[in-house]
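Enquirer: Questions regarding the structure given below will be posed in turn.
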């Protein structure tokens, strides 16, 4: 009995137990459905093909940019392409494992200032736009890359 006409609200223990079990089951199932159907950032960026497009567009942007090209002038293009793709893949929860040096080791001695750093970020955003990456995925990727700024800037 849930209500007793002569006393304050009383709940039947069996009813309460069944209610909470049903609620728990519903929440568990909805969590499984939402996590199973939610694509990873890697997938949102287009997977391997999407990252390849982003990296190619970024390489083109850097190659055509007099302001920052000098930072990359001595880089071996094929190695840069491979390692940048690996890095973005790993950062976006893809199946790749980054095999390059740390961001700090790579950028030490380059003396990248705030304007240079921000400009390269702008070139990355432009590359992601050209590769048709969704803006929400772009923002997620930038948020994951942002903590690495300390390893790149003013080294």
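Enquirer: Within segment 55-68, take every residue that is touching a residue at least 40 places away in the same chain (Cβ under 8 Å) and part of a loop (DSSP other than H, G, I, E, B) and give me the one that is nearest to residue 133 (Cα to Cα).
Expert: 65
Enquirer: Filter segment 69-90 down to residues that are surrounded by fewer than 18 Cβ atoms within 10 Å (Cβ to Cβ) and in contact (Cβ under 8 Å) with a residue 24 or more places away in the chain and give me whichever is nearest to residue 140 (Cα to Cα).
Expert: Looking at residues that are surrounded by fewer than 18 Cβ atoms within 10 Å (Cβ to Cβ) and in contact (Cβ under 8 Å) with a residue 24 or more places away in the chain, I get 81.
Enquirer: Ok, one more. I'm trying to understand the selection: among the residues of segment 91-105, which are crowded, with 16+ Cβ neighbours inside 10 Å and part of a helix (DSSP H, G or I)?
Expert: Passing the criteria: 91, 103.
Enquirer: Let me ask another. Pull up segment 106-138, narrow it to residues that are in a loop (DSSP other than H, G, I, E, B) and at pLDDT 95 or above, then point me to the one that is nearest to residue 68 (Cα to Cα).
Expert: Residues of segment 106-138 that are in a loop (DSSP other than H, G, I, E, B), as a first pass: 108-113, 131-134.
Keeping just the survivors that are at pLDDT 95 or above gives 131-134.
Values: 131: 21, 132: 24, 133: 23, 134: 26 Å.
Per the stated criteria, the residue is 131.
Enquirer: Ok, one more. So, in segment 38-55, of the ones that are surrounded by fewer than 16 Cβ atoms within 10 Å (Cβ to Cβ) and modelled with pLDDT of 95 or more, which residue ends up nearest to residue 144 (Cα to Cα)? Step through it out loud before you land on a result.
Expert: To start, the set of residues in segment 38-55 that are surrounded by fewer than 16 Cβ atoms within 10 Å (Cβ to Cβ) comprises 38-40, 43, 48-49.
Okay, now just the ones that are also modelled with pLDDT of 95 or more, so 39-40, 43, 48-49.
Values: 39: 16, 40: 13, 43: 15, 48: 18, 49: 20 Å.
Here the residue is 40.
The values are calculated or read from the model by the stated rules, or taken from the named source; none is laboratory data. Quick caveat, the model's predicted, so the values are computed rather than measured. Heads up, the Cβs are rebuilt from the backbone with ideal geometry, glycines too, and the neighbour counts pull from every protein chain shown.
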